[in-house]
Every structure is written in structure tokens, then in C-alpha cells.
Amino acid sequence: MSAAASAAVHADKAGIRIRRLAGRIGAELSNIKLDGTITREQVEEIRRALLAHRVIFFRDQEQFSDTDQERFANMLGGLVPHPTETALTGSMGILELDAAAGNGKADVWHTDVTFVDAYPRYSVLRAMRIPEVGGDTLWANTVAAYDDLSPQLKQLAESLWAVHSNKYDYAAQHAAATPEEAAHYEKVFASQVYEAEHPVVRIHPETGEKSLVLGYFIQRFVGHNHVDSNLLFTLLQNHVIRMENIVRWNWRAGDVAIWDNQATQHYALNDYGKANRTMRRVTIAGEVPVSVDGRHSKTLKEPARA
């Protein structure tokens, strides 16, 4: 990270004020609006901040509309819709995450949509309705997690490949799930089964860094049984979610978060009971991951094309 990026607070070339939030991940950007007035120069400065800080946050973006969100996503690289969830009516690919509707509680550590080969590059999330208390989101830096591994564990991780799927033991992962949430998972999220095989260590296509690809969509490690897979997963995942690698964001309505989905995991806290929490997310298309030895991720299972 450059000397400017390492400062606690600084301004970039477009006049955007950047304040770091934690030692290894996260920054808040101010003196900018993400609505229809945003320029290409500002978007490129936002991209640079995103790659430096992994996840960035914007307060007071109440004028950032559905149209603005999709336009902004296309300026970052092109919007890609969720493979199983239905886009918000009238949008190209906005996913509404509504806790009351059963699809808004992502209370496990994950990287978005790793059950497809070219999972999203970035995600853009905006807060519509937020509980009075609770409902924070945490992000973890998976590049820092790799860097923390011993040389022997790095060698092990770089040799591993894992199968990711949207079809998993939902009850085991979400013990406190409501009947509505369980029904949404079966009828919508897992209505069509996807599987992809990824290297546990990928090369970041924009920075060249090595990043751990883990999270709860993993079903098993290639060449290992489920018992050994679970042990390997726990060993490596615990490095990702060390407190030193994490930033926590306390939402307000009108906030926007953007994260590098190639270098992070995140977890939405489910601590607000039946209170209303509604978010809207778009994702930007990503590349097929490449391992340290040059091999590419591959699709194992996807629905037949009509």
C-alpha cells in the first residue's frame, strides 16, 4: 500500500476524502455523491480506493436511486444478475435482500456466488431500511489471511482445490432460520443447482496478490473426504476471520458499501429479531479465477440452457 493510502485520512486526486477504518481493511469515503452526477474520474478513484482497502463505505447517499445504482455498476465493469434470485421489478439486476421476505439474512461467512466459475468481481450494497439496533455487517480481508499463513500452510493452501455449491445443509448453517427463510432457500436460492471448482488460492486479476477462496459455499476439498475437508476448512477459514482482518460497519439508511469480492468474505449479523432490514445489491461481473500454477476454475454443474 502506498504512503498516501496508509495515512489515516487523506484526499485523492478527485477530492474524495478517504478515512481508514481498521488496520488491514476498510475505509470511509466522503465529499462525493454516487448519484447521476458522478464522473468517470471519480469512479476510477473509487476503484483505486476499493483495491487498496478491500471494502469502502459512503454515508448519506439517499439520492442514490435504483437507476443510479445500475449505472454506477456498469461504470465499474458491468452488472451481472444473481443466477437464481429474481431481480427487483423494473431493474436489470438489483437483488432486494429483505429479511421479512426470508432472503435477507446472510449470517455466515461467505464470498458472493462462488458456486459459479466466474463469480462477481465487486458488489455494491445500499441500505434501504435498517433496524434501530443491530444488523451490522462484517468484512474480512482474504489477502491478509493468506499473507499470515506460515510457508508450510501457504504451500498446502496453494495445492488445494474446493467444490463450491449453492446446495448445502441449510439447517446446519442456519440453525435459527425461520420457516420463511428455509422455504426461500429451497424454492428460490437452491431451486437450480450450481457447482464450481476453485483453487483455494487465486491470483487477484487486478493487483496480482494471492487471496484465499473459502466461505460457506464450500462442500469439500478435491481429493479429500468430508471429515478431512471439514478439518482443512476450519484450519484455513479461522485465518480469514481473525479479528485483525475484520472491519465492522454500523448501517444507517442511505449508506452504500462496495467490496472487492475477489479479496474478501462478509457476514451480516442476525441480531435484530423481527425488525425490518432491507438492502439492495448489484454485482459486477468477474473473471474465472486462476490458481498459482496457472489453472482456471471450472464449472461442474449448472442448469441446462433453454
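The values are calculated or read from the model by the stated rules, or taken from the named source; none is laboratory data. Every value quoted in this text rests on a predicted model; they were computed, and no experiment measured them. Methodologically, a virtual Cβ is constructed for each residue, glycine included, from the backbone with ideal geometry; neighbour enumeration extends over all protein chains shown. Ligands, DNA and RNA are stripped out before the accessible areas are found, and what is left, the full protein with its side chains, is counted by its heavy atoms. Shrake-Rupley method; radii C 1.70, N 1.55, O 1.52, S 1.80 Å.
Data for the structure
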read-out: Relative contact order of the chain, defined on C-alpha pairs under 8 angstrom at six or more residues apart (%); value: 32
read-out: Amide H contacts of Val200 (H built 1.01 Å from N, under 5 Å, at least 5 apart or other chain); value: Leu160, Trp161, Ala162
read-out: Stokes-Einstein diffusion coefficient of the range 1-132, Kirkwood radius over Cα pairs, 4 °C, 1.567 mPa s, in µm²/s; value: 79
read-out: Set of lysines near Lys105 by C-alpha distance (under 18 Å), chain-local residues within fewer than 8 positions excluded; value: Lys167, Lys187, Lys274
read-out: Accessible area (Å², per residue) of the chain, counting only protein heavy atoms and a probe of 1.4 Å; value: 44
read-out: Shape category assigned to the range 46-121 from the gyration tensor of Cα positions, a/c cut at 1.5; value: rounded
read-out: Helix-derived mean residue ellipticity, 222 nm - over the chain, DSSP H n ≥ 4, -39500 (n - 2.57), to 500; value: -6500 deg cm²/dmol
read-out: Rough spin-label spacing in nm, given labels placed 7 Å along Cα→Cβ, for His10 and Arg129; value: 4.2
read-out: Dimensions in Å of the range 211-306 - Rg and Dmax from alpha carbons; value: 17.1, 48
read-out: FRET efficiency, His226 to Leu269 (Cβ-Cβ, R0 30 Å, nearest 0.05); value: 0.60
read-out: Pairs of Cα atoms farther than 23 Å apart, the range 62-210, %; value: 48
read-out: Inter-label distance for Glu209 and Gln63, nm, one decimal - labels placed 7 Å from Cα along Cα-to-Cβ; value: 3.3
read-out: The chain pair-distance distribution - Cα-Cα, 20 Å bins, rounded %; value: 34, 61, 6
read-out: The range 137-286: C-alpha gyration tensor shape, a/c 1.5 cut-off, then a/b vs b/c; value: oblate
read-out: Amide H within-cut-off set for Tyr194, under 5 Å, with H built and near neighbours excluded; value: Asn166, Lys167
read-out: Rough spin-label spacing in nm, given labels placed 7 Å along Cα→Cβ, for Leu300 and Thr39; value: 4.9
read-out: Percentage relative contact order, the range 102-204, counting C-alpha pairs under 8 Å, at least six apart; value: 44
read-out: Highest average packing first - 196-202, 237-243, Cβ atoms within 10 Å; value: 196-202, 237-243
read-out: Surface share of carbon and sulfur [accessible, 1.4 angstrom probe, percent] for the range 89-248; value: 53
read-out: Added length on full extension, which subtracts the Cα-Cα distance from 0.36 nm per residue, Asn250 to Ala183; value: 21.2 nm
